[in-house]
Amino acid sequence: MKNNFLLIISSTLFALVLGEVLVRIIVPIVAPDAFHPERFLFWSSPHFISDQNGATRMIPNESVRTVAIYSGQIEYDVKYQTNNLGFIDHKDYIENNSSERLIAFVGDSFTAGYHGGKPWVPKLRDSLARDHNLEIYNLGVDGTGIIHFEKILESFGEQIKFNEIVIVAIGGDFIRRYWQPHISDGEVRFCESFHPLETCLNGKPFFTTFDYNASPTDVLMSATVLAERYAQSKKRDLRSIASEKSMLFALLRSRAVLTNLLRDGELPKWQRLILEDNILALKIIRSKYSDMKITLIHIPTRPDVLAKKYLLPIEKYVQAAGIDYYPAFYNCTWSRDMYLAIDGHPNKKGYENIANCIRDAIT
């Protein structure tokens, strides 16, 4: 009996240690930007708002600066402008009755596209507008997924007429829940309706606000202060969860991570449910804009490029929704040096490649 008890304790401890190794080592390889323990993002304003339709966009008419810091090093420090409707563009959006094609580009941060120094969608539009009789609207918003895209298109359509949609997507957009921004004491969190708001507000913020004119040294110092604060908070949290129940949760979490990795790309059940919600949103987009040409351009992420394939294939979902599918990974050339070293977003070279690739797809 005593030997059986010791065996159970030993097995449990081994599983917990294994789980910690998986969480600390293997998971960051899958999503380094999402799990990086010392990532600190700064924006010069709260920036994100929800409109009357629950669509997320940015505060209108702002000069914005954003800085990303990883492990005490600045990964990017960029500035851009939001326009009259709260989207990333140097040009205000007004009703256009002269251009033949009025294209709404909707997507996440890859479409917002500022990480390389200058947003790529407005630049592409400016280069095409004269010769191709078209207008392009940049509806890219950080952290959004297909569910958000449907709301953004609906909200934008109430203000500006468009007659064509280009969804610029990565695989991760299909496994994102709907969230809304919450601002408190200079900290902004993207809170999902799935979780209690209190849980979200007690967690680490998505970003912290700072002075637009702050020096790089000042921003790095702010990140150091935040790192120390969160380290102390984590120690308190670890002391508070030292119970049998929390140990069981940690064990189940580690097993879930291991199981997910061993499934060779198959999503766990909770992510499949999110996937289904996003597929439904895609079908709603098709249904609402039944008379429009809609193309989904599937942009590869850095992990896709390293794996030499899409890690989350979405073609069958897109085609089943009745939307044209353009696999940018296979139609254009990609390389690891087109992405930021740690953050995972495209750099200047990467966004230029995306623009050139999409230019060929839409012209």
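About the Cα centre of the range 58-176, how large is the charge dipole given +1 on each Lys and Arg Cβ and -1 on each Asp and Glu Cβ? Please answer in debye to the nearest 20.
Charge dipole of the range 58-176: 240 debye, to the nearest 20.
Taking a label point 7 Å from the Cα of A214 along the Cα→Cβ vector, which residues of the range 62-102 have an amide N closer than 12 Å to it?
Once the point is set 7 Å along Cα→Cβ of A214, 65-69 turn out to lie under 12 Å by backbone N, inside the range 62-102.
Taking 0.36 nm per residue of separation and subtracting the Cα-Cα distance, what length does fully extending K308 through T224 add?
26.6 nm
Whose amide H sits under 5 Å from the amide H of W179, counting only residues 5 or more places off or on another chain, with H placed in the peptide plane?
Residues meeting the amide H criterion: none.
Under the definition of Cα pairs under 8 Å and six or more residues apart, what whole-number percent is the relative contact order of the range 42-111?
After rounding, I find 21 percent.
Within straight cross-link reach of K151, meaning Cα distance under 18 Å, which aspartates and glutamates are found once same-chain residues fewer than 8 apart are removed?
Reachable aspartates and glutamates: D51, D108, D142, E164, D173, E192, E276, D277.
Please tell me which of these pairs span more than 32 angstrom C-alpha to C-alpha: K161/K308; K91/K349; K204/K293; K118/K309; K204/K348?
Over 32 Å Cα-Cα: K161/K308; K204/K293.
Please compute the modelled spin-label separation between N61 and N96, points set 7 Å along Cα→Cβ, answer in nm with one decimal.
2.2 nm
Each reported figure results from applying straightforward, stated rules to the coordinates on display, with no laboratory input. Given the structure is predicted, the values throughout are model-derived calculations rather than measurements. In this analysis, Cβ positions are derived from the backbone assuming ideal geometry, glycine residues included, and neighbour counts consider all displayed protein chains.
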